[in-house]
Amino acid sequence: MPTYEYLCTACGHRFEELQPINDPPLRTCPRCGEAVERLMGAGAGFIFRGAGFYATDYRSKEYAQKASSESAPAKPAAPAATEKAAAPTTPQPAGEKK
Ligand SMILES: [Zn+2]
């Protein structure tokens with residue numbers, strides 16, 4: 001269950017709320033009853049403290065990418081393409097074309 005961070009714009013009260021991920025965000029400040037803002041993404045803290053699976057997922061993804069790029073041998077530049085580009089195309093006499 002992730003911890004959300006809120007900031008009250010009215011009184012500056014900053015607090016955290018442990019909420020199920022599907023819960024709607026809090027709207028009012030527990031101190032003054034004014035509107036609060038949810039601090040989205042401000043926290044790497046949110047990711048690490050709250051939902052461990054995010055961090056794990058991210059890490060495994062990164063790991064997979066690294067692993068695949070390391071295990072796959074660097075392919076030499078395709079010679080076919082280079083040859084094609086370098087090969088002189090037989091010039092066509094302009095006069096023969098209709
Ligand atoms: Zn407040």
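The values are calculated or read from the model by the stated rules, or taken from the named source; none is laboratory data. Note that the structure is a prediction, hence the values are computed from the model and not measured. Cβ atoms come from the backbone with ideal geometry, glycine included; neighbour counts cover every protein chain shown.
Miscellaneous remarks
- Residue count for region 30-42, restricted to those that are within 11 Å of the ligand (Cβ to nearest atom), loosely packed, with under 15 Cβ neighbours inside 10 Å and not charged (D, E, K, R): 4.
- Applying a threshold of 6 Å to beta carbon distances and a minimum spacing of six or more residues, or different chains, the list of pairs starting in region 6-32 at a residue that is among the small types (Gly, Ala, Ser) and ending at one that is part of a loop (DSSP other than H, G, I, E, B) reads Ala10/Cys32; Ala10/Glu34.
- Those residues of region 11-29 which are out of contact with any strand residue (DSSP E or B) (no Cβ under 7 Å at 6 or more places or on another chain) and within 14 Å of the ligand (Cβ to nearest atom), in sequence order: Cys11, Gly12, His13
For every residue, the table says whether it meets (1) at pLDDT 85 or above; (2) among the hydrophobic types (A, V, I, L, M, F, W, C).
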position	(1), (2)
Glu5	yes, no
Phe15	yes, yes
Pro30	yes, no
Gly33	yes, no
Glu37	yes, no
Ala44	no, yes
Ile47	no, yes
Phe53	no, yes
Gln92	no, no
